1. Report, in degrees rounded to the nearest 10, the 0 to 90 angle that the Cα long axis of helix A:400-411 makes with the longest principal axis of chain A.
2. Taking Cα atoms, how many degrees apart are the long axis of helix A:213-223 and the longest axis of chain A, rounded to 10 and kept between 0 and 90?
3. I'd like the Karplus ³J(HN,Hα) series for segment B:25-34: coefficients 6.51, -1.76, 1.60, θ = phi - 60°, whole numbers in Hz, and an x wherever there's a Gly or Pro.
4. Suppose we take every Cα in the protein assembly as shown and form the convex hull; what volume per residue is that in Å³?
5. Under 17 Å between alpha carbons: how many lysine pairs meet that in chain A, if sequence neighbours fewer than 8 apart on the same chain are excluded?
6. State in Å² the accessible area per residue of segment B:6-81; use a 1.4 Å probe, count heavy atoms of protein chains only, and round to the nearest integer.
7. I'd like the residues of segment B:43-73 whose 1.4 Å-probe accessible area shrinks by no less than 50 Å² going from the isolated chain to the full set of protein chains.
8. Compute the length gained on full extension between A:THR141 and A:SER91: take 0.36 nm times their separation in residues and subtract their Cα-Cα distance, giving the result in nm to one decimal.
Amino acid sequence: MQTSTEAHRPKATASPLDTVGNTDATAICQDGVRVTRSQLREWASTLAQLLSSRGKGRVAISSPRADRVAAAILAAHWANYEILLLRSNPSRDLCRAWGISGLIDENFRVEPMEGNYASEGFQVLLTTSGTTGEPKIARHTLTALLGRVRPRPRRYGPARWLLAFHPASFAGLQVLLTALTSRDELIAVSELSVIALKHAALDWLPTHLSATPTFWRSFLVAAGDALSKVPLSQLTLGGEVADQRTINHLRAAFPTSRIVHIYATTEAGAVFSVKDGLAGFPVQWLKTGVEGARLRITDGILEVQSPCAMTGYLAAGGKAFTDDGWLRTGDLVTILDDRVHFLGRADTVISVGGAKVTPEEVEHMLLQVPGVLDSRVFGLPSVITGSVVATEIVTEVSDHDGLRRAIIAHLRGRLEAHKIPRIVRFVPSIPVSQSGKKRRCDAVA
Amino acid sequence: MNYDEAKAKLIEVIRNRLVDAGKDIPPLEDDTVLLDGSLSLDSLEIAVVVITMGEITHSDPFASGFIGFQTIGELARLYAN
């Protein structure tokens, strides 16, 4: 006879997610505490029962803890819920607008919310930056999410992943699902600073690490030669442009490891990986396609058709696909020596270590600060983080240092840290283009 | 700019960032590691330090890409002629 907690455990291996297993092997080591596979199942099973008792719907979790997010995803899968992964708690109004009927906390209690969307099945929803400050939400099916996730062959032995992305990000979710479905160990820390991750890497000696090029460069600055003590057999770069210099540095630090860079976006999913150690990707992929995806360049912008793409944005998210069904990535590319190279964004979005910042969102906040008459937010190129957010401010206030402090104090807590301008300059006026729009190109440093 | 001048500029830039952020200012020496926690600067702040050094010195040692460095001395040396 089944016990009550068995009720929501899958009876057969119905999907790769069910391979999480039921053993005392470590699934996730969260902030130094081991969570076994059976513990993870126990949490997921209890939560799935709770969700099922409330019908079907859409729930959200906002937690920096991979163990909590993993259990919540399993539970939503078993209870046929949609689950929205967030990095901060949404307001009740947003929950209503997004159809969220419950907010899962870190003890797996579900706080009722007023949204009442009736889900038709399990999907994972991820946020991506919108142009107005309110995030857009991309919906992914399990099949699309697992499209590029292949359980690693057992002959390579157990792997240990270090999670360097937030578990609610697309890249973080890929690492989480890969480790879970391959029955590998995942090392996760709630504080995603380079320093905390350096300590985790040296303490736990991961074999696999996927991170942004910005993270890898910062890792080299933070750890230097100590990095070579980490027995990495695979290094993955994703989330922003992987340049040749960074790849070469990692190659020198890890001469025998596999180095892969992945092209993935929250909307397009994981499209392809490049394994030849060169920046960009082979130009023939524009003809042949790669890994089930088709690629083309329109007006200098990469467009993709990918089996791993999102099913679409949640309502009012905007139009991401062209009329003939291609997803416009917004990434500018150029062809050089039989390679397609990434140049940056075609829109005004600033990429700070792979995290998107919309200038308009920051400018909107800046105008709320008393004394700020006008502002222009732009990215200054950085060899470490890709870009750094900078702003020019027009003011009649003479105490610039005081106003600078007031600006930072106002933005802190209202914007994520990477969106807060790190360089604040004062100018007599903001240059505008002939069409009356603010000039968005990087200021000449 | 010689090494001592570049180091003095770099230390001034770092000190200003720490003051602006209201952080403690530990001794800033040649062998101070920039990103091991002792300076309370994150990688974005180090990125700002590098941008500011480029503006002050009118030189960009990173023009053709990332170069490894760990300490104040190693970064200062990149700006020294």
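The values are calculated or read from the model by the stated rules, or taken from the named source; none is laboratory data. Keep in mind that this is a model prediction, so the values were computed, not measured. Cβ atoms come from the backbone with ideal geometry, glycine included; neighbour counts cover every protein chain shown. Ligands, DNA and RNA are excluded from the accessible area calculation, which covers all protein heavy atoms including side chains. Shrake-Rupley method; radii C 1.70, N 1.55, O 1.52, S 1.80 Å.
1. Tilt of helix A:400-411: around 30 degrees.
2. Roughly 90 degrees, rounded to the nearest 10.
3. Karplus-based 3J(HN,Hα) across segment B:25-34 equals 10, x, x, 10, 10, 3, 9, 5, 7, 6 Hz.
4. Residue-normalised Cα hull volume stands at 168 Å³.
5. Step by step, the pairs that qualify in chain A add up to 5.
6. 44 Å²
7. Buried by the other chains: B:SER43, B:LEU44, B:ILE51, B:GLU55, B:PHE66, B:GLN70.
8. Details: separation 50, 0.36 × 50 = 18.00 nm, distance 2.55 nm.
So the chain would gain 15.4 nm between A:THR141 and A:SER91.
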